[in-house]
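Values in this text are rule-based calculations from the coordinates and carry no lab data. Bear in mind the structure is a predicted one, so any value in this text is a computation, not a measurement. Every residue, glycine as well, gets a Cβ built from its backbone with ideal geometry; the counts of neighbours run over all protein chains shown.
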Amino acid sequence: MPGNELIGKEEEVQVADVMKRGVLFRYGFEKRRENIFKTFEFEEKFAQYIGVKYALAVSSGSAAVRVALAALNIGPGDEVITSAFTFIATIEAIVETGAIPVLAEADNSLNLEPKDFERKITDKTKVVIPVHMFGVPAKMDEIMAIARKHNISVIEDTAEACGGSYKDKKLGTIGDIGAFSFDYVKTITTGEGGMVITNEENLYQKSIYYHDHGHDHRPNTSRGKESRKHLGFNYRMGELQAAIGLAQLAKLDYIIEQQRIHKTYLKKEISSVKGIKFREIPDPHGDIGAFLFLYLPNREKKEKFEKALNEAGIETGIFAYWHYFANVEPSAYQGKEVHLEMNGQTENLVNRAVLFPIAIHQSEEELKKIVEGIKKTSSVI
Ligand SMILES: Cc1ncc(COP(=O)(O)O)c(C=O)c1O
């Protein structure tokens, strides 16, 4: 997810524009900043790009999920269902609210399996967080139908799939709230940063309160005199991050286009290799092409295959630890309650999968080397 590959002149110009006036804070200082508000501008442009009414920039993708949960009033006594295959931040954000994370299996798409999501619903379930993992949309039609039937809110964790879509709807806009990450390895980056999006004014308003100590941001009122009716914390984005975000957002379509070209080429060239299967893609048109996953028949063959590839100088991605909850030491949870009744399905998929990260700057030669490597190495399967 290589926004960081394209950091260049455009980002420099944007940052210099902020430095010229020296206002690094998103609110206030109107005179000194000559009415230039990079964070507001980034939010506006991001909302326009995604096609959503409201966007709120925050300090990270983790913060985006946390703020989204706060906007939905999630707290102790509630249960939040998410996929067993997600980056650990999704689960941490739930734990931070005092609610209980309930994990459901992933299916061949490596995203939340609708059937297991429904199975895990109890009368305490308030929210489901499907995660569009490694650039690929989750099965949103099925997930939305189940969620609506049971009156459960939906937060789409879109940290890893910025710009992707599902049946022509941009990811993040299908549920009640979308959460994005712009950390250094995401599709577009602001160094650290995130975005909360929604079409509901009420959820937007609550997100604003929560991300800035409950400030009500009254017009023509100095910050020190604003009032506070809601609990909050500090998850604000700064002007420098937003400035970089503006430059990166303008590159997003190009990034996705290049990733898709590379992924399509790889898939086409290795499609006849025996013993490997592709990850299921619920809507191929909406995949941002950031990664290629292959499944091998079993763990033993996968380990042999990957080892041989790595020895041949072909890089594969590491994903089975931080992205798979059961592999993270329970001690990291310090006694917090997490519901982990799993049937082994996700574990089986994770253990058989090999990951190839896709980059913008991969040359034809590098892509060919991956193809040749996979073809040659397939003899060990
Ligand atoms: C699925 C998912 N959710 C949330 C996050 C958290 O984003 P951040 O690193 O910006 O806090 C990440 C980051 O890797 C992620 O992959």
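Output the Cα-based Rg and Dmax of region 38-195 in Å, rounding Rg to one decimal and Dmax to a whole number.
14.3, 44
Can you tell which of I152, I188, I208 shows the greatest fluctuation in a Gaussian network model of the chain with Cα springs below 10 Å?
I152
May I ask for log10 I(q)/I(0) of the chain at q = 0.13 Å⁻¹, from a Debye sum over the Cα atoms as equal point scatterers with solvent left out?
-1.06
I'd like the distance between the alpha-carbon centres of region 310-381 and region 40-93, rounded to an integer number of Å.
Region 310-381 and region 40-93 have Cα centres spaced 25 Å from each other.
Which order do the peptides 228-234, 172-178 take when ranked by the mean count of other beta-carbon atoms within 10 Å per residue, highest first?
172-178, 228-234
Just the Cα atoms of region 252-380, one point each, no solvent: what log10 I(q)/I(0) does Debye give at q = 0.09 Å⁻¹?
-0.31
Excluding same-chain residues fewer than 8 positions from K229, which lysines have a Cα within less than 19 Å of its Cα?
K206
What does the charge count near Y333 come to, summing +1 for each Lys or Arg and -1 for each Asp or Glu among other residues with Cβ under 14 Å from its Cβ?
That works out to -3.
Kirkwood hydrodynamic radius, region 1-102, all distinct C-alpha pairs: what's the number in Å?
Kirkwood hydrodynamic radius for region 1-102: 16.5 Å.
Say the cut-off is 24 Å between C-alpha atoms; which of K115/K336; K169/K263; K186/K267; K115/K304; K169/K251 go over it?
Correct reply: K115/K336; K115/K304.
Relative to the present Cα-Cα distance, how much length would full extension add between E372 and E12 at 0.36 nm per residue of separation?
125.7 nm
Based on the alpha-carbon gyration tensor of region 1-55 and its eigenvalue square roots a ≥ b ≥ c, which shape applies: rounded if a/c is under 1.5, prolate if not and a/b is larger than b/c, or oblate?
Verdict is oblate for region 1-55.
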